[in-house]
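What follows draws every value from the coordinates through simple rules; no lab data is involved. Source: prediction; values computed, not measured. Every residue, glycine among them, receives a Cβ derived from its backbone with ideal geometry; neighbour counts consider all protein chains shown.
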Amino acid sequence: MTEPRPNIRYDITIPSSCVCSRIPQIAECKSRPSLGKMREWWFLVGLLCIPLLAVYLHVPPPPLSPALLNWRSGGALVTFRGHNIFYRESRGAVGSSDVVILLHGFPTSSYDWNKIWASLNQRFNRVIALDFLGFGFSDKPRPHRYSIFEQASVVEAVVSHLGLTETRINLLSHDYGDTVALELLYRSDHNRTGHLNINSLCLSNGGIFPETHHPRFLQKLLKDSSFLSPVLTRLINFMLFSKGLGEVFGPYTQPTEAEFLDMWTGVRFNDGNLVMDSVLQYINQRMEHRDRWVGALTSTLIPVHMIYGPLDPVNPHPQFIVLYQRLVRRSTVSVLDEHISHYPHLEDPTGFLNAYFSFINAF
């Protein structure tokens with residue numbers, strides 16, 4: 001019979017300092033694989049995002065639609081201070097010597113006038129439109145200090161190129177083009193060298209008065225954020241563009257997706273999106289030179305007319321039109337239907353033409 005082993009108890013004491021000193025090391029060892037995996041995961045995400053962001057910021061411009069190709073093929077180029085300026089001219093009414101020059105708005109181009117082009121040809125002998133420097137099919141140099149004064153000189157260069165320096169010219173303008181027209185009006189009334197011989201001026205929905213002009217949020221951000229502007233101009237895409245531009249059209253007169261795309265294509269042509277912040281300095285120029293341009297409008301003896309879409313959030317009703325009628329007393333005014341907004345010639349071509357022909361045929 002085997003005798004049972006004695007129950008021997010061994011007491012081993014481990015100093016508390018040794019245990020405590022090892023706990024952080026053990027915890028650190030357990031956490032290292034987790035932190036390492038996290039860092040590796042973020043590193044891979046970063047590597048993936050870099051080429052995606054690079055591709056996004058260098059998205060090629062959309063191809064020209066058949067309509068834009070047709071518009072471009074019907075035009076020509078004239079050189080202004082080393083830059084190409086696109087213009088389009090067509091001969092219309094036989095027996096008439098009347099000439100009309102169309103000045104487009106921001107951020108679009110001469111293609112804005114396509115819906116009323118044929119009808120204008122039935123009234124005028126020569127119909128001329130151009131893309132300002134930095135717009136449409138014209139050159140878009142950068143860096144470049146774009147100004148209303150330069151754009152007025154662009155118009156004068158086109159007029160000279162076409163041999164119309166001595167011809168009485170009717171100006172029809174919109175938005176940005178309104179301010180260019182006012183500079184041309186100032187030069188004409190003060191007999192500046194090379195000035196146009198202006199027969200009449202018709203304005204439409206432009207920020208003539210800084211005090212009643214409300215630029216869109218993105219416009220204010222681009223014109224004032226010198227640090228962010230180069231980034232923002234690259235981040236603007238078709239979705240943001242069409243959403244922003246759609247806000248200045250009436251709810252019942254929205255462009256089709258194809259029309260929005262044509263507008264965006266005109267902006268993207270020659271990387272025009274990258275000069276939008278520079279072009280937008282015209283808003284600051286309007287404030288700086290208000291007395292010059294508003295003064296030309298209020299003092300001129302040339303026949304002046306305003307065609308106004310009253311739903312315009314940029315030049316809101318009734319503040320804008322009340323101020324206009326108070327200050328420009330010689331001008332006649334046509335207020336279109338209440339659902340017409342900032343682009344009256346695109347939203348209501350028939351109403352716009354009726355208003356313009358009533359004005360132009362009255363003298």
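Numbers for the structure displayed
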read-out: Calculated FRET efficiency for the pair L221/Y252, C-beta based, R₀ 25 Å, to 0.05; value: 0.30
read-out: Simple spin-label estimate for R192 and R81 in nanometres, 7 Å along Cα-Cβ; value: 1.2 nm
read-out: Linear extension gain, R142 paired with S97, 0.36 nm per residue minus alpha-carbon span; value: 12.3 nm
read-out: Protection-proxy order for peptides 141-151, 299-309, each taking the mean of Cβ atoms within 10 Å per residue, highest first; value: 299-309, 141-151
